[in-house]
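The values are calculated or read from the model by the stated rules, or taken from the named source; none is laboratory data. These figures come from a predicted structure and were not determined experimentally. Because the Cβ atoms are built from the backbone with ideal geometry, glycine has one as well, and the counts that use them run over all protein chains shown. Heavy atoms of the whole protein, side chains included, go into the accessibility calculation; ligands, DNA and RNA do not. Shrake-Rupley method; radii C 1.70, N 1.55, O 1.52, S 1.80 Å.
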There are 2 protein chains.
Amino acid sequence: MMDFERERDAYAHWRVEFDAPIARLIMDVDPDGGAIGDYELKLNSYDIGVDIELAAIIRRIRFEHPEIGCVVLEGAISGTFCAGANIRMLAMAPHGHKINFCKFTNETRLEIEEASANSGLRFLAAINGACSGGGYELAISCDHLILIDDRSTAVSLPEVPLLGVMPGTGGLTRVTDKRGVRRDRADVFATKTEGVAGAEALEWKLVDELAKPSTFDQSVLDRATQMAETSDRNPDDAPLVIPPLDRELSDDAVSYRYVTAQIERGTRSVTITIAASADDDWPLRSALELDDLLLHLRFNEPEIGTILMKTVGSADDVMVHDARLSNPSSHAERETTLLWARVLSRLDLMARSLFAVIDPASCFVSILAEVALAADRTYMLDGVFEDEDHPLPAATMMLSELSLGAMPMANGLTRMQSRLWLDDEGLEAALTMVGKPVEAAQAVRLGMATINPDDLDWEDEIRIAIEERATYSPDALTGMEANHRFCGPETMATKIFGRLSAWQNWIFYRPNASSETGSLRSYGSGSRGDFDLKRT
Amino acid sequence: MMDFERERDAYAHWRVEFDAPIARLIMDVDPDGGAIGDYELKLNSYDIGVDIELAAIIRRIRFEHPEIGCVVLEGAISGTFCAGANIRMLAMAPHGHKINFCKFTNETRLEIEEASANSGLRFLAAINGACSGGGYELAISCDHLILIDDRSTAVSLPEVPLLGVMPGTGGLTRVTDKRGVRRDRADVFATKTEGVAGAEALEWKLVDELAKPSTFDQSVLDRATQMAETSDRNPDDAPLVIPPLDRELSDDAVSYRYVTAQIERGTRSVTITIAASADDDWPLRSALELDDLLLHLRFNEPEIGTILMKTVGSADDVMVHDARLSNPSSHAERETTLLWARVLSRLDLMARSLFAVIDPASCFVSILAEVALAADRTYMLDGVFEDEDHPLPAATMMLSELSLGAMPMANGLTRMQSRLWLDDEGLEAALTMVGKPVEAAQAVRLGMATINPDDLDWEDEIRIAIEERATYSPDALTGMEANHRFCGPETMATKIFGRLSAWQNWIFYRPNASSETGSLRSYGSGSRGDFDLKRT
């Protein structure tokens, strides 16, 4: 079972040294600490375990250390920054793990970029040694790359020539679209096993700065100090402390304080319920819990194909937090809002069918309205449950200011913009309802819900939809949903998760890469994989 | 062997009726006319043969019939518009054919949209009967859809629920991004076997107009007449007549009048040479020849992994045509320019490595400069071939006005914009060279070429690059090149060819769809494919 929570300061693969306003994040991978099997994590190569720690550390620095303005990433061993994803691990990992591994590492890289863009936390890659594949992809998620200029140390993306797969963590996309490397040079770079070093790396924009070995440390310190000065973080702010999750797991259920999941194996579905609360810790905890649950489902429950999103509780309890989430005024509030944006983005990228289910007990308002809007389709009860003795009033949804831009999807649009793409009039009509409860029929008209069965049809309609979904090809559903969710403009993130990941999915699946004699397993053996040479 | 040329008026699957300004394009598929095997093309279902005819007909109407302002697509059989791609064909086709089939049909749909956007040719889908899958995808490539409102006829995309694959011809993308169907409704639509009919189809924006059976023909005629009135085509213009290709084929060579191809099986490469000519027919013929050759390579030479693009002849001969291509003033000139844009777009989408090779005998100027700029990398000789008795002057390239917007890539950018993405200064510098010959070293600096070996290194450098390319995984190269070529913004076309096609590639490859017991082969048997249920 894959677990995503990591204890503070008990990391196996990283060291963190704080010297405000700079934190040094030193990659020092334990070769014997592989997470999913028996392989050696040589030369700062990584697997999912290393990346889970990285994600936990970055979130902690970001949330718990407002005094830090710049994070320096470096390798512990002289001559090695990071060798990228471990090949033996990739060779032995099942297809699903490879894909989930890439998706998670991509999300962590995006979280680095989001922390820079929104949280004033700058990232400096101090490339003090070999930096290849995923190592270079980690480096280019940073704001600034300093490469040691020692006539040998190079940056490289050797996946295509050496491994017969693509760089899987956004490398191809960031090289052209973030760094502006010319695409013909990108072609040379990504097919050059030994990579590019020194002045050429700088000229090609693969790195931002060179430093001689004798002055490397000082250059890094100077640059980090300068970068920290551009941060808007305030050392006097109260940290946002990440609480332990206190998760309870059983065969078919997961429960946290505010979030619970109940699995129904027969229909391969899971019902996620988020309970509202007016307690102060609700916004942070519920986001962390949902985040952890989504990762649990991805890695540990691959056959659960449909996620039903429910909420329960009082809309007022959710609205208690709305103003602080919409207009955060402290470090802790800002990070909580940004965390919700990240978790919702993770939800958008679940390769599972997402149905929201809204009934009178629900409270899909404020931030929870976004949970509903992330769904592929939404069922909303029209009217009340007639046979209850004291039926609750009819279900409503309510948008708040949070739906107007604070929670962007990967395509850069709000979830309402994505739903009403090319329908400006419809969008305007929907947005006039910000702050007003919307009942089922109107929600369907406005694009906030999809189907509004009444009491009589409610259970059957949802049950049939879940059962039907379970009969469809999971592959076809994954492809279809990945296409429907992100309409309109694209961004680096949609390219990474749409175009690049889809190719990666195919390449990893093909015998050329993954068979017994494929390129991943024959790596290092001196013999190249036997390729099916046909192209289209 | 797949052949893409079709004789005028000898179509097996379509009838064309001209009544200016309207042409009726009547789909009447010969059930026994399957192109790649023994399957029955029932209910106006199609295979590559049907689509090759469609592409040929549309191009002929567009080029040869300036008197036509609106094309009406309809089914010959009452009750059937088009049932989409033939399932038996998909079930038996090898993976590569499925992918190439989808790519070609996608390009034909885009050519319909381009003809509407740029050539004033409007398209009306007169949906007089069942319209499902690829049939609906064909319809939504048209400007306007009229659905017969007979209480039964529906439009549908039943691929996911019925076939376990995705709609492969842009359906998912066009539904949301072209037609503005809400994504939650798109989810319902694309999982609803029976589709959506009547008022609901109209409300969901799946069609643009309904017409009762009794008035259907008149409604179509009225609308077509109205649409033709919006056309800027001039019936008095001289038609652009498409000449026969006169192709000569041998085992390792293909030759046309201006374009030749020489295959070298050892390195799995082909050298395409375009010869310049001042003859009037050069711009049209060379484009048609290159187009045909690219399709030939895709379908008939799947193991040829690298394409070397060369040109030969006098730059002056190419420049003779430049003004007419840049500023077309007649129907024929306009269509020739647009044809080049389409052919270059087809070149961009070759799933093969593209190298341009520029030496003193080359004439990469004007429209041929775009051929070089389409390459993944460009080798340009620095200086002259020293050992020749009368060496030609050093190679030059020259951009013309044609490179400033007339030949957009799928991402909507020019090829120079794509190469110098995020480098406005560099782009400005390069564009100051429009109309001026650029030698090798400068071309590399300006982003027009990649590598400028001198005489001494020239042959080795290119040979090694070709040999290396041949050792790499074709899958990894395809994925890498698909990511590098289209930087920056995305469009419906990049989504279709990037995101959607990549997913399709994976889905078609998986046993869930394509094994002996997969969904494609078990279609119609009553038993569903045995799915690997894991998702990521």
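What do you reckon, is B:ALA394 in contact with a Gly (Cβ under 8 Å, 6 or more places away or on another chain) and either modelled with pLDDT of 95 or more or within 30 Å of B:ILE68 (Cα to Cα) (or both)?
In short, yes.
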Just to be sure before I move on: is A:ARG183 open to solvent by less than 30 Å² (accessible area, probe 1.4 Å), farther than 19 Å from A:SER132 by Cβ and charged (D, E, K, R) in the structure I sent? yes
Identify all residues within the range B:291-324 that are out of contact with any Pro (no Cβ under 6 Å at 6 or more places or on another chain), farther than 29 Å from A:PHE531 by Cβ and not acidic (Asp, Glu); write none if there are none. B:THR311, B:VAL312, B:GLY313, B:SER314, B:ALA315, B:VAL318, B:MET319, B:VAL320, B:ALA323, B:ARG324
Tell me which residues, restricted to the range B:506-524, are in contact (Cβ under 8 Å) with a residue 12 or more places away in the chain and under 19 Å from A:ARG485 (Cα atoms). B:ILE507
Single match in A:LEU413, A:LEU422 (criterion: within 14 Å of chain B (Cβ to nearest Cβ) and open to solvent by 60 Å² or more (accessible area, probe 1.4 Å)): A:LEU422
Give the number of residues within the range B:224-243 that are open to solvent by 70 Å² or more (accessible area, probe 1.4 Å) and either touching a strand residue (DSSP E or B) at 6+ places or on another chain (Cβ under 7 Å) or under 27 Å from B:LYS178 (Cβ atoms) (or both). 4
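For the range A:1-93, which strands (runs of 3 or more DSSP E) that fit wholly inside it have 2 or more residues that are of a type in the set (A, V, I, L, M)? Outline the logic, then answer.
Details: elements: A:14-19, A:22-27, A:70-75, A:79-82.
Because the criterion is at least 2 residues that are of a type in the set (A, V, I, L, M), the strands (runs of 3 or more DSSP E) in the range A:1-93 that meet it are A:22-27, A:70-75.
Okay, residues lined up against (1) farther than 23 Å from B:ALA502 by Cα; (2) open to solvent by 30 Å² or more (accessible area, probe 1.4 Å):
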residue	(1), (2)
A:ILE464	yes, yes
A:GLU467	yes, yes
A:TYR472	no, no
A:ALA476	no, no
A:GLU481	no, no
A:PHE508	no, no
A:SER525	yes, yes
A:ASP532	no, yes
Checking the condition within 23 Å of the chain's Cα centre (by Cα), acidic (Asp, Glu) and open to solvent by 60 Å² or more (accessible area, probe 1.4 Å), which residue from B:GLU7, B:GLU40, B:GLU64 passes? B:GLU7
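Restricting to the range B:163-180, give me the number of residues that are within 12 Å of chain A (Cβ to nearest Cβ), crowded, with 20+ Cβ neighbours inside 10 Å, in a loop (DSSP other than H, G, I, E, B) and within 25 Å of the chain's Cα centre (by Cα).
5
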Here is a list of conditions, (1) outside the structural domain of B:LEU431 (by TED's automatic domain parsing); (2) at pLDDT 95 or above, and B:ALA465 meets all of them except one; can you say which number that is? (1)
Since B:TYR472 meets every condition but one in (1) closer than 19 Å to B:SER418 by Cα; (2) free of Cβ contacts under 8 Å to residues at least 24 places away in the same chain, which condition does it not meet? (1)
For the range A:118-134, the count of residues that are closer than 30 Å to A:THR478 by Cα and surrounded by fewer than 24 Cβ atoms within 10 Å (Cβ to Cβ) equals 0
Which listed residue is touching a residue at least 60 places away in the same chain (Cβ under 8 Å) and either crowded, with 21+ Cβ neighbours inside 10 Å or not in a loop (DSSP other than H, G, I, E, B) (or both), from A:MET397, A:MET407: A:MET407
Is it the case that the range B:101-114 has a residue that's open to solvent by less than 10 Å² (accessible area, probe 1.4 Å), part of a helix (DSSP H, G or I) and over 22 Å from B:LEU293 (Cα atoms)? no
I'd like to check something: does the range A:198-221 contain any residue that is in the same structural domain as A:TYR136 (by TED's automatic domain parsing), touching a helix residue (DSSP H, G or I) at 6+ places or on another chain (Cβ under 8 Å), within 18 Å of B:CYS487 (Cβ to Cβ) and assigned to a loop (DSSP other than H, G, I, E, B)? yes
Please find, among A:LEU147, A:LEU206, the residue that is at pLDDT 95 or above, under 17 Å from A:CYS82 (Cβ atoms) and more than 25 Å from the chain's Cα centre (by Cα). A:LEU147
Sole residue being closer than 18 Å to A:GLU113 by Cβ and either at pLDDT 95 or above or more than 9 Å from chain B (Cβ to nearest Cβ) (or both), chosen from A:THR230, A:THR193: A:THR230
Given the conditions (1) in contact with a Gly (Cβ under 7 Å, 6 or more places away or on another chain); (2) not in a loop (DSSP other than H, G, I, E, B), and given that B:ASP232 satisfies all but one, which numbered condition is not satisfied? (2)
List pairs: first residue in the range A:202-225 and free of Cβ contacts under 8 Å to residues at least 60 places away in the same chain, second residue in a helix (DSSP H, G or I) and of a type outside the set (Val, Ile, Thr) anywhere in the structure, Cβ distance under 6 angstrom, at least six positions apart or on different chains. A:TRP204/A:ARG185
Considering only residues that are open to solvent by less than 10 Å² (accessible area, probe 1.4 Å) and not in a loop (DSSP other than H, G, I, E, B), which ones fall in the range B:358-385? B:ILE358, B:VAL365, B:ILE367, B:LEU368, B:ALA369, B:GLU370, B:VAL371, B:ALA372, B:LEU373, B:THR378, B:TYR379, B:MET380
